[in-house]
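J.: Mind looking over this structure? Questions follow.
The values are calculated or read from the model by the stated rules, or taken from the named source; none is laboratory data. Note that the coordinates shown come from a computational prediction; the quantities given were computed from them, not determined experimentally. No Cβ is skipped: glycine too gets one built from the backbone with ideal geometry, and neighbour counts run over all protein chains shown. What goes into the accessible areas is simple: the full protein's heavy atoms, side chains included, and nothing from ligands, DNA or RNA. Shrake-Rupley method; radii C 1.70, N 1.55, O 1.52, S 1.80 Å.
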Amino acid sequence: MSLEASLPPRGPYSLALTARGAGDATRSFRDGVLDAAIPTAEGIERVRAWQRPDGTVQIRAETAEGIERMRFALALDDDHTPFLRQCENDPMLRETARRLRGLRQIRVSTVAHALLRALCGQLITARRARILEWRVIDKVSPGIPPTGAALGATAPAQLRALGLHSRRAASLVRLCRELDLERLRTMPTPAVEQRLLRERGLGPWSVGILCLEGLGRNDRGLVGDLGLVKLLATLRGGTWVEGPETAELLEPYEEWAGLASVYLIAGFHRGLVPLPENRAA
């Protein structure tokens, strides 16, 4: 027997914007319905979510835990109205926030999955990163969100054979073996950041991905993201930009730096971020 819940999001919310591009080895978004494999105490559940015309989000699962875990993944309770208000006086994000005001960052089901995504996505395009992530999941836990135990039981050489850089493969396996990654949810962000940055091959971008997509926190931005690098280079007239320099784009947003990263990248791709006249032409 399945359960179904009608959940009104707190603040502006669009499932279509939030779940767009959310398809990966463990979930899909088609015809307005998100279908995801969600781990619960009872095992892996297939959980579905869709948004009604009145804005309410419907979630169908086998258990109440499945509903709550999908609720977290969709960020339904994380009202970002204060961020949108800040954007009203921000020339950089004003138009993006107006057009995409229902956008939030969708999350993955396990912290281990977020860590895998962070390590797969360094310095390559999103498409290549998603293919690499898919290969790893297909190897260690086909169709199921990877756990720290599953990734930790994988030899680094196997991950290298799938295309993951040797240093990143070693870091992933070591962290999954040494840490209870789900306990990072109980730690303050500075402590999480400090622990991860001790690993070779992990930097601010990786911390941002883990915080945004694994822990559901907005206070760490995606410093060094290729989308932000391209945006900053364009704003500077096409000059070369190093990844750490993108921190200046996120500095004004403080506790909203993570969500600001998402909006800046989305707005830049859609032509909503003001650019120098010669570039815009």
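J.: Please state which one of GLY224, GLY258, GLY267 is buried (at least 20 other Cβ atoms within 10 Å of the Cβ), within 20 Å of GLU88 (Cα to Cα) and more than 13 Å from the chain's Cα centre (by Cα).
T.: Testing whether each residue is buried (at least 20 other Cβ atoms within 10 Å of the Cβ), within 20 Å of GLU88 (Cα to Cα) and more than 13 Å from the chain's Cα centre (by Cα) leaves just GLY267.
J.: Just checking, how many residues over the range 91-100 are in contact (Cβ under 8 Å) with a residue 24 or more places away in the chain, surrounded by 14 or more Cβ atoms within 10 Å (Cβ to Cβ) and either outside any helix (DSSP H, G or I) or among the basic types (Lys, Arg) (or both)?
T.: 4
Residue-by-condition table, conditions (1) farther than 25 Å from GLY224 by Cβ; (2) touching a Pro at 6+ places or on another chain (Cβ under 7 Å); (3) touching a residue at least 24 places away in the same chain (Cβ under 8 Å):
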{"position": "GLN51", "(1), (2), (3)": "yes, no, yes"}
{"position": "LEU74", "(1), (2), (3)": "yes, no, yes"}
{"position": "GLN105", "(1), (2), (3)": "no, no, yes"}
{"position": "ALA112", "(1), (2), (3)": "no, yes, yes"}
{"position": "ARG130", "(1), (2), (3)": "no, no, yes"}
{"position": "GLU133", "(1), (2), (3)": "no, no, yes"}
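J.: Search the range 50-74 for residues being open to solvent by less than 10 Å² (accessible area, probe 1.4 Å) and within 18 Å of the chain's Cα centre (by Cα), and hand back the single one that is nearest to ALA16 (Cα to Cα).
T.: The qualifying residue nearest to ALA16 (Cα to Cα) is LEU74.
J.: LEU175: assigned to a helix (DSSP H, G or I), over 22 Å from ALA41 (Cα atoms) and not aromatic (Phe, Trp, Tyr), yes or no?
T.: Yes; evaluated as a whole, the condition is true for this residue.
J.: So which of ILE131, ILE106, ILE137 ends up being surrounded by fewer than 19 Cβ atoms within 10 Å (Cβ to Cβ) and either in a loop (DSSP other than H, G, I, E, B) or not charged (D, E, K, R) (or both)?
T.: Selected residue: ILE131, the only one of ILE131, ILE106, ILE137 that is surrounded by fewer than 19 Cβ atoms within 10 Å (Cβ to Cβ) and either in a loop (DSSP other than H, G, I, E, B) or not charged (D, E, K, R) (or both).
J.: Kindly check whether there is at least one residue in the range 65-84 that is part of a strand (DSSP E or B), farther than 30 Å from THR234 by Cβ and among the basic types (Lys, Arg).
T.: no
J.: Out of the residues in the range 11-49 that are among the small types (Gly, Ala, Ser) and free of Cβ contacts under 8 Å to residues at least 24 places away in the same chain, which is nearest to LEU116 (Cα to Cα)?
T.: GLY23
J.: Now for a different question. Please indicate, with yes or no, whether at least one residue in the range 184-200 is touching a Cys at 6+ places or on another chain (Cβ under 9 Å), in a helix (DSSP H, G or I), among the hydrophobic types (A, V, I, L, M, F, W, C) and free of Cβ contacts under 8 Å to residues at least 24 places away in the same chain.
T.: So far as the range 184-200 goes, yes, one or more of its residues are touching a Cys at 6+ places or on another chain (Cβ under 9 Å), in a helix (DSSP H, G or I), among the hydrophobic types (A, V, I, L, M, F, W, C) and free of Cβ contacts under 8 Å to residues at least 24 places away in the same chain.
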